[in-house]
Amino acid sequence: MYQSFIGLEVHIHLLTKSKVFCSCKSSFGDEPNTNVCPVCMGYPGVLPRLSREALRMGCIVARALNCTIPKQTWFERKQYFYPDMTKNYQISQFASPLGQRGYLDIEGRGIKKRVRIHECHLEEDAGKMIHSGTVSLLDYNRAGVPLLEIVTEPDMETGEEAELFIQQLRRMLRYLEVCDGNMEEGSLRADANVSINLPGKGLGRKVEIKNLNSSRFVKLGLTYEIARQSALLDAGKTVIQETRLWNENRDETAPMRSKENAHDYRYFPEPDLPIFEPDSAFLESLTLGELPAARLARFIAEYGLTYEQADLITEEKQCADYFEKAVSAAHPLEKTTAAPLVAQWILSDLKHLLAQESLELNQINQGRLRAERLGSIVALIAQGTVSQKSAKQIIEHIRKEDRDPRAIIRDYGLEQISDLGQIDAAIEQVIAAEQATLAELRRTENDKRKRNLKAFLVGRVLAQTEGRADPKIVTARLNIHLTEGSE
């Protein structure tokens, strides 16, 4: 049995409008080589200018990760040649990164662990190489996009822990509105370092898995690599220190290049950028708001949600915001009464609607089915004014007509029927039409079969009233009719 050591290097694109050292637009998906200028193309004699917004966003992430922001932070030139880095060096941070010695607590799926953060440093991204047969194409739109690299200590032991770290980090970054977290577009990507050794013997030979673009691939790649290294050691072989890639088609890692020694990048201070010394005004501007872990805990304590409900609701900030607005609008219900009902609607019908029509929740909230209207509908259901089925009809009318739920209920006659005369009349019609079912109900002595037959009759009565009859009253009155009919 071996002990595993996993550390991650997570690269995130910051959501600035411009690149980090020039005024070119920072945008994904534009025509190749349209967002470039002499600065990000590395022309001789040009001077970089640091984006204050990129620096601010980077420091916000550092603070959210409980890092120390140093009194002085500066940039260095990292020397290397590659076709997608036209200057032959990258402006990065080495000696004094903007975030140092922090941590992130991860929790969920039976995992609870503190992962130490070694550092967060700000740098410029390289361009993109596109290989097609024997031809390689270069798109420099990405060159100079602000990239924050978050480096953890090797505190994780399994692929599941690393996957959870990525997921919870992504959630936090989206709450902070500093990164969109779209791993498939490369705005959040990870390199994973893993080694194994006998327990108590410390780190083994490190293998790096590069460019993992989903949390699932992080888990699968690390799980495979731990098994591969374990098999090598069991066979008396040596693990080679190297860089590997994850092959998602074959579900395995494959060698990329050997990495016997660390590269000498010949860092030296960037001469064209001054040292940055954050003042009190800058530090006070680094507001975090309520982070997802704290919000999840509050939703459980304040609203009485289960962990699973709270976890799903707080996955996206806009969903959590929508939920709280809907609960507030569900008066006169108490919060602990309204909250589980609102959560149920969001996690079932609303999620289905979003997936069906490829909508984002903020589009729903800014449109016709805003949170206040859902809260009002939930209150009407709880008060017995409308049934669940009628509520779905109300939502469909709102999407088409953009009107208040109460006006729709009034105009379409969607109030829940609780009048005993109407319900009794519907029951009598169903009994008259379902004589065969009644006969079977009287014959059978199987309790489960009896319950199923009664449920069928209740359903027929509800159908008779177009779903508007109160199911509890229908059940009670049906039992009376059946008892009377058997006498």
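In table form, for the structure just shown:
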{"item": "Partners for LYS472 among lysines (Cα-Cα distance below 25 Å; same-chain residues under 8 apart left out)", "result": "LYS335, LYS389, LYS392, LYS448, LYS450, LYS454"}
{"item": "Antiparallel bridges, percent of DSSP beta bridges restricted to the chain (to nearest 5)", "result": "90"}
{"item": "Those GluC sites (Glu not before Pro) in the range 112-198 that DSSP places in a loop and that have at most 14 other beta carbons within 10 Å", "result": "GLU177"}
{"item": "Lysine pairs within the range 178-324, Cα separation less than 29 Å, 8 or more sequence positions apart or different chains", "result": "14"}
{"item": "Within the chain, helix-based [θ] at 222 nm, where runs of 4 or more DSSP H residues each add -39,500 (n - 2.57), nearest 500", "result": "-13000 deg cm²/dmol"}
{"item": "Gain in span if fully extended, GLU284 to SER358, counting 0.36 nm per residue against the direct Cα distance", "result": "22.8 nm"}
{"item": "Qualifying GluC sites (Glu not before Pro) for the range 404-480 [loop in DSSP, other Cβ within 10 Å: at most 13]", "result": "GLU445"}
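Each reported figure results from applying straightforward, stated rules to the coordinates on display, with no laboratory input. In this text, all values refer to a predicted model and were calculated from it rather than measured experimentally. For neighbour counting, all protein chains shown are included, and Cβ atoms are generated from backbone atoms with ideal geometry for every residue, glycine included.
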